[in-house]
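Enquirer: First the structure, then my questions, so here it is.
The values are calculated or read from the model by the stated rules, or taken from the named source; none is laboratory data. On a predicted model such as this, the values are computed, not experimentally measured, just so you know. Every residue, glycine as well, gets a Cβ built from its backbone with ideal geometry; the counts of neighbours run over all protein chains shown. To get the accessible areas, we keep the full protein, side chains included, count just its heavy atoms, and leave off ligands, DNA and RNA. Shrake-Rupley method; radii C 1.70, N 1.55, O 1.52, S 1.80 Å.
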Amino acid sequence: MEDKSKKYMNPYIAGVLLGFVIMAAFFFSGEGIGGSGAFKDIVKTTVIDLAPKYAENSNYFKSAVEANESPMKSWLIFEVLGVLIGAAISAAFAGRLKLKIEHSPKISSKTRIIFAILGGALFGIGSQLGRGCTSGAGLSGMAVMSVSGFLVVVAIFGSGYLFAWFFRKLWI
Amino acid sequence: MAPIFEQTSEWNLIIALLIGIAFGWVLERAGFSTSRKLAGVFYGYDFVVIKVFFTAAITASLGLLFLNYFGVLDFSKVWMPTTFLWSTIVGGIIMGLGFILGGFCPGTSVCAVATGKIDALAFVVGITLGIFFYSFTYEYLWEDFREYGNIGNVKIGELIGVTEGVAVLIFILFGLFAFWLVDKIKKEYNIKDVEY
Amino acid sequence: MNGKNLFGIILLIILGIFIAFTSLKKHGKTEIEPDKLINKTIQKTRYVLPEEVAESIISEDPTLQLIDVRTHKFYSKFTLKGAINIPLSELFKEENLAYFDQDIYKTILFSNGTSDADVAWILATRLGYKNIYVMKGGLNQWVENILQPKENEVIWDRVDDQLYQYRKGASEYFGGKVVEPEEGVSAPKTKTPIVKKGKKQVSGGCG
């Protein structure tokens, strides 16, 4: 335990580095970083390929159909691919590359997986409604000092603290 | 004049990949690939999320202003989200619940998948399912509500009536206060570390 | 609190205070100071003679960008070879400003006389665009000097003679002594500017 936490970077240094990554994204492409947008593009591509008729008539997919360019060629898809590579490299060097299901000792692996899927689904819905997730809307939004960035962060963490007590068994 | 590449440039995709690699590397180094560390912020045993998150936002907002000050970055060409009050708040609340249940957010879950966390993979599957659900119920449930509370491309400085620079200074002071506070909370209440 | 943290805190606060005193630069191009504008306006180096323009056209100077600031109606009747039409009243349109926002071309403005082109020059210069010139005397002078050069009764000196010979040559090139100027220059070929695309509305970060 004592060594394990040491292996992680000082959070402030990590934060500064992350800040520079965000700056670089804006500097080179004028884009913010993000996470959930890539999944949106995957969903769009899947639906358009499998059910083109449905996609044409759906308000949600219409714009992507009309754009006539594969949503897979988007900034965020490539960025998320990069995240996979970068995280794998870092974990490999730190010796943290290991297949496992992480959960509190009080719950079973199965419970953890069910709640992870549930949480993911809620995050998927919420990120579409709120136009971005913690990193895309929150972090990038705060970097450009946008009201929506601060708002979404306050809402996510506020609601997190609100619900934390009810689900404490999941974690502690 | 930055942004260096036009939005339509193919170079952007290569840049995106490189930015992503750096992003993933930092997230992993900071310990964001473990859900129990992330969830710690809500139970007071690990505030690393708040520290990294706000340090990053402060660094980036300060840095972007400096780039603008030196005439390197043209803010009019930079992504700037429109603020939709109600849909953002409700979306955020749903995401907060998702955070507590799942222990990740989309960016960190991708990072965790790369390091071999099966629960993160489940989370990623969940996100995709969630978006499928959203897209199929879009017309019935979300389409109108999504546009609620549009107040335009408002910046926090404009909202409270100060210049962009002053707003960033306030943000810095607020961040430093928050860092001090979370350390104090942990010490004061003597919250024990959780093993993970 | 250790030394490293203290250093970080102090650095952040100093940078924050510094940035608090700056204001956001809205555009990449800063507007030129009025006193500098006066200096630039007084200088006559912003004028080019019709003969110089003619020479650039004949030699197909690739860095030449001619801009006709007259109305579309005048432009469609007669203009210089390769000239782009940006009426003075439409100067500030984004797609028009894109012609100025570059540093490859030598931009030469012209109108019938000098004044409209001069106004366009001042406006563009005030916006911080560089490498812009005005064709002295405008198209009136052009017709007089290039298309219908008067034969000087007395050739005063060698320089005058050279100028006259040059004008005569140019006149032949541009359709020689044509009173109806349309014939000499029809169907102006224009180059499209490298329009710097504005940001399209991104659908929402990662959303």
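Enquirer: Quickly run through the range A:27-84 and pick out the residues that are without any contact (Cβ under 8 Å) to a residue 60 or more places away in the chain, in a helix (DSSP H, G or I) and small (G, A, S).
Expert: The answer is A:S29, A:A38, A:A55, A:S63, A:A64, A:A67, A:G82.
Enquirer: Return the residues of the range C:71-106 that are part of a loop (DSSP other than H, G, I, E, B) and open to solvent by 20 Å² or more (accessible area, probe 1.4 Å); say none if nothing qualifies.
Expert: C:T71, C:F78, C:K81, C:F92, C:K93, C:D101, C:Q102, C:D103, C:I104, C:Y105
Enquirer: Further, regarding this structure: Could you check the range B:80-105 and list, in sequence order, the residues that are part of a loop (DSSP other than H, G, I, E, B) and open to solvent by less than 10 Å² (accessible area, probe 1.4 Å)?
Expert: B:G103, B:F104, listed by residue number.
Enquirer: Would you confirm, using the coordinates I've provided, whether A:K7 is more than 8 Å from chain B (Cβ to nearest Cβ), closer than 19 Å to B:G31 by Cα and surrounded by fewer than 23 Cβ atoms within 10 Å (Cβ to Cβ)?
Expert: Yes, satisfied.
Enquirer: Could I ask something else about it? Test B:F145 against the stated conditions and say whether it is open to solvent by 10 Å² or more (accessible area, probe 1.4 Å), more than 7 Å from every other protein chain (Cβ to nearest Cβ) and in contact with a Ser or Thr (Cβ under 8 Å, 6 or more places away or on another chain).
Expert: Taking the combined requirement at face value, the residue satisfies it.
Enquirer: Among the residues of the range A:104-114, write down those that are in contact (Cβ under 8 Å) with a residue 60 or more places away in the chain and open to solvent by 40 Å² or more (accessible area, probe 1.4 Å).
Expert: Filtering the range A:104-114 down to residues in contact (Cβ under 8 Å) with a residue 60 or more places away in the chain leaves A:104, A:106-107.
Within the range A:104-114, just A:K106 meets the criteria.
Enquirer: Just one of (1) more than 19 Å from A:G34 (Cβ to Cβ); (2) part of a helix (DSSP H, G or I); (3) within 7 Å of another protein chain (Cβ to nearest Cβ); (4) not aromatic (F, W, Y) trips up A:I172, so point out which.
Expert: (2)
Enquirer: List the number of the failed condition for B:I172; all other conditions in (1) out of contact with any Leu (no Cβ under 6 Å at 6 or more places or on another chain); (2) part of a helix (DSSP H, G or I) hold.
Expert: All conditions are met except number (1).
Enquirer: Related question: With surrounded by fewer than 18 Cβ atoms within 10 Å (Cβ to Cβ) and modelled with pLDDT under 95 as the only criterion, which of A:F93, A:F28, A:F78 stands out?
Expert: A:F93
Enquirer: I'd like the full set of residues that are touching a Phe, Trp or Tyr at 6+ places or on another chain (Cβ under 9 Å) and open to solvent by 10 Å² or more (accessible area, probe 1.4 Å), limited to the range B:112-121. Before the answer, list the steps.
Expert: Going residue by residue through the range B:112-121, those that are touching a Phe, Trp or Tyr at 6+ places or on another chain (Cβ under 9 Å) are B:112-113, B:117, B:119-120.
Within the range B:112-121, B:V113, B:K117 meet the criteria.
Enquirer: Could I ask something else about it? If I ask for residues that are open to solvent by 60 Å² or more (accessible area, probe 1.4 Å), among the aliphatic types (A, V, I, L, M) and within 14 Å of chain C (Cβ to nearest Cβ), which ones from the range A:31-75 would you list?
Expert: Residues satisfying the conditions are A:I42, A:A67.
Enquirer: Could you list, ordered by first residue, the pairs with Cβ atoms under 7 Å in which the first is in the range B:106-119 and free of Cβ contacts under 8 Å to residues at least 24 places away in the same chain and the second is open to solvent by 10 Å² or more (accessible area, probe 1.4 Å) and not in a helix (DSSP H, G or I), at least 6 apart or interchain?
Expert: B:G116/A:L97; B:G116/A:K98; B:G116/A:L99; B:G116/A:K100; B:I118/A:L99; B:I118/A:K100; B:I118/A:I101
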